Amino acid sequence: SLSDLVQADVSTAFLQAPLVSDSPVFAQPPEGHPDHGRFLWRLHKAVYGMKDAGRQFELHRDRVLKGLGWIPSNVYEGIFVKYTSERTLAGMLFVYVDDMLCLSVACDARTLPHTISAHLSLVINDVPTRLVGIDIVCTNSSILLSQSSYCLSIPISSGTVPSMPLPLHIERQAD
């Protein structure tokens, strides 16, 4: 059912990733801090502004998910699947940086993200509303995806944006 779809966001994502580097990384304390000019700080976590902070978080996130039994898809790197002990599909996880959309198949929808939240600090939304610039509307019988909010936020200097309507109903034809 559609109630088995849960959205989660990793809080302060980059700060959760351990810093993995061949050599120690140091930072100067900010002006006004008592350590400024006296000490350098050795960083143990990735911080915003580092050129590889995003990659460090991605590696950490994937290690956590794999450690919890999530299997990365061979089709797309942002999809993970998890199976029950009986080898039936428990759920699917769609990830993009620090955004997650979890589809639960064999258990309560909140169970899967809650197991992840023991290892990554998550904000869990029972009803998905927006993910990676896509508005999500769940009804009793469908999931509607739209980028209209995103499109309306794009400034248009002059003229109109070319568009092409898409068919509402697509029927599959036999090969």
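The values are calculated or read from the model by the stated rules, or taken from the named source; none is laboratory data. Bear in mind the structure is a predicted one, so any value in this text is a computation, not a measurement. Cβ: placed from backbone, ideal geometry, glycine included. Neighbour counts: every protein chain shown. For the accessible areas, the whole protein counts, side chains as well, though only heavy atoms, and no ligand, DNA or RNA atoms are used. Shrake-Rupley method; radii C 1.70, N 1.55, O 1.52, S 1.80 Å.
Points to keep in mind about this one:
- Matching entry among 7, 56 (being polar (S, T, N, Q), assigned to a strand (DSSP E or B) and surrounded by 12 or more Cβ atoms within 10 Å (Cβ to Cβ)): 7
- Residue 47 within 16 Å of residue 16 (Cβ to Cβ), in a strand (DSSP E or B) and either open to solvent by less than 40 Å² (accessible area, probe 1.4 Å) or not small (Gly, Ala, Ser) (or both): no
- Against the conditions (1) touching a Leu at 6+ places or on another chain (Cβ under 8 Å); (2) in a helix (DSSP H, G or I), residue 15 satisfies every one except (1).
- Among residues of region 1-46, those that are over 30 Å from residue 127 (Cα atoms) and either out of contact with any strand residue (DSSP E or B) (no Cβ under 7 Å at 6 or more places or on another chain) or of a type outside the set (Lys, Arg) (or both), counted: 27
- Restricting region 82-107 to residues that are part of a loop (DSSP other than H, G, I, E, B) and in contact (Cβ under 8 Å) with a residue 24 or more places away in the chain leaves a set whose member that is least open to solvent (accessible area, probe 1.4 Å) is 98.
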